[in-house]
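Structure record follows, encoded as structure tokens.
The values are calculated or read from the model by the stated rules, or taken from the named source; none is laboratory data. These figures come from a predicted structure and were not determined experimentally. For neighbour counting, all protein chains shown are included, and Cβ atoms are generated from backbone atoms with ideal geometry for every residue, glycine included. The accessibility values were calculated without ligands, DNA or RNA, using every heavy atom of the protein model including side chains. Shrake-Rupley method; radii C 1.70, N 1.55, O 1.52, S 1.80 Å.
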Amino acid sequence: MRGVAVSTMAAARPQVYIYSNDDSKPTSQISLPAVFKTPIRSDLVNFVHTNMAKNHRQPYAVSKKAGHQTSAESWGTGRAVARIPRVRGGGTHRSGQGAFGNMCRGGRMFAPTKTWRRWHRKINIKQRRFAVASALAASSLPALVMAHGHRIEKIPEVPLVVSNGIENIDKTKQAVKLLEQLNAAADVERSKASRKVRAGKGKMRNRRHVQRKGPLVIYNEDNGIRKAFRNIPGVDTCSVERLNLLQLAPGGHLGRFCIWSEAAFQKLDDVFGTTKKKSQQKKDFMLPRSKLFTDIQRIINS
């Protein structure tokens, strides 16, 4: 089942190899968790991601007084000029100029922004869970991972599972060495080389640079793994108990390259359950299953 030629198969294969964190050689096999057989719903993932991303926004608004800090009054009709309010007085260019209106120089904007806008969105909990499960299923398909832009041509397998020793790595030097042994360093280099200055005004607002995403390292226990990987460009870390759609499907696009620890991979059946057994951590949640379309007459006439 290893190698690029075989790894392009569907994610329904029953066994996945576990690779040593010392020499990156396969040591044993593990059954593929049921969450990787979840139906892939790109429409649902995109919808949930769009709404989740709104929950990080901070309120902004223009000043309540902006554009109105002058005394101005319309001249009325009969003077062959528009009825827009005009600045009082004389002896300066400003007198007689239009004011207040959104079409005037120095006037207020149309519909001034307010801080009480509805910034955040509530998302159905079942939709959120389904979206995360769908994003995990997509991360096990090499075609979708490569379509996302990740450089996984030389890695041994997708999903990539590493022995539990990866959770004890606490030095960035060791983390970089492991990525090189797993042939995942090419994806890190792609992310590192993609850093560039943002187009638009965001560059003035502490969002000066943009960069492509690299691998997502998922662990069960943090024995130093977060500190080891946090300084590598493009690499994110996440606990298997707090999987985040914003990390699993950045931009709302399926196919994030994930590197799993053995313990995190084994825990997926407890976290998400199966199609026959409820999750132990998510109340009343059972994985959705694919529905078979059985309207034969409609298929024939399509």
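Of note:
- In this entry, Thr77 passes the filter for residues that are touching a Lys or Arg at 6+ places or on another chain (Cβ under 8 Å) and of a type in the set (S, T, N, Q).
- Residue that is nearest to Ser74 (Cα to Cα) [pool: residues in the range 95-120 that are charged (D, E, K, R) and touching a residue at least 24 places away in the same chain (Cβ under 8 Å)]: Arg108
- Here Ser42, Ser28 are screened, and the one residue that is open to solvent by 40 Å² or more (accessible area, probe 1.4 Å) and in contact with a strand residue (DSSP E or B) (Cβ under 7 Å, 6 or more places away or on another chain) is Ser28.
- Residue within the range 196-208 that is within 23 Å of Ala143 (Cα to Cα) and either out of contact with any Ser or Thr (no Cβ under 7 Å at 6 or more places or on another chain) or basic (Lys, Arg) (or both) present: no
- Within the range 11-52, tally of residues that are in contact (Cβ under 8 Å) with a residue 40 or more places away in the chain and in a strand (DSSP E or B): 7
- For the range 171-188, a residue qualifies if it is touching a residue at least 24 places away in the same chain (Cβ under 8 Å) and either open to solvent by 90 Å² or more (accessible area, probe 1.4 Å) or touching a Lys or Arg at 6+ places or on another chain (Cβ under 6 Å) (or both), and the qualifying residues are Lys171, Asn183, Ala186, Asp187.
- Among the conditions (1) open to solvent by 10 Å² or more (accessible area, probe 1.4 Å); (2) closer than 19 Å to Ser191 by Cβ; (3) assigned to a loop (DSSP other than H, G, I, E, B), His150 misses just one, which is (1).
- Test for Ala131: is it surrounded by 15 or more Cβ atoms within 10 Å (Cβ to Cβ), more than 30 Å from Pro288 (Cβ to Cβ) and touching a Leu at 6+ places or on another chain (Cβ under 6 Å): no
- Residue in the range 121-129 that is aliphatic (A, V, I, L, M) and within 28 Å of Leu287 (Cβ to Cβ) present: yes
- Out of Pro59, Pro85, Pro112, sole residue that is within 30 Å of Gly252 (Cα to Cα) and open to solvent by less than 80 Å² (accessible area, probe 1.4 Å): Pro59
- Among the residues of the range 95-108, the ones that are loosely packed, with under 14 Cβ neighbours inside 10 Å and under 50 Å from the mean Cα position of the chain (by Cα) come to 3 in all.
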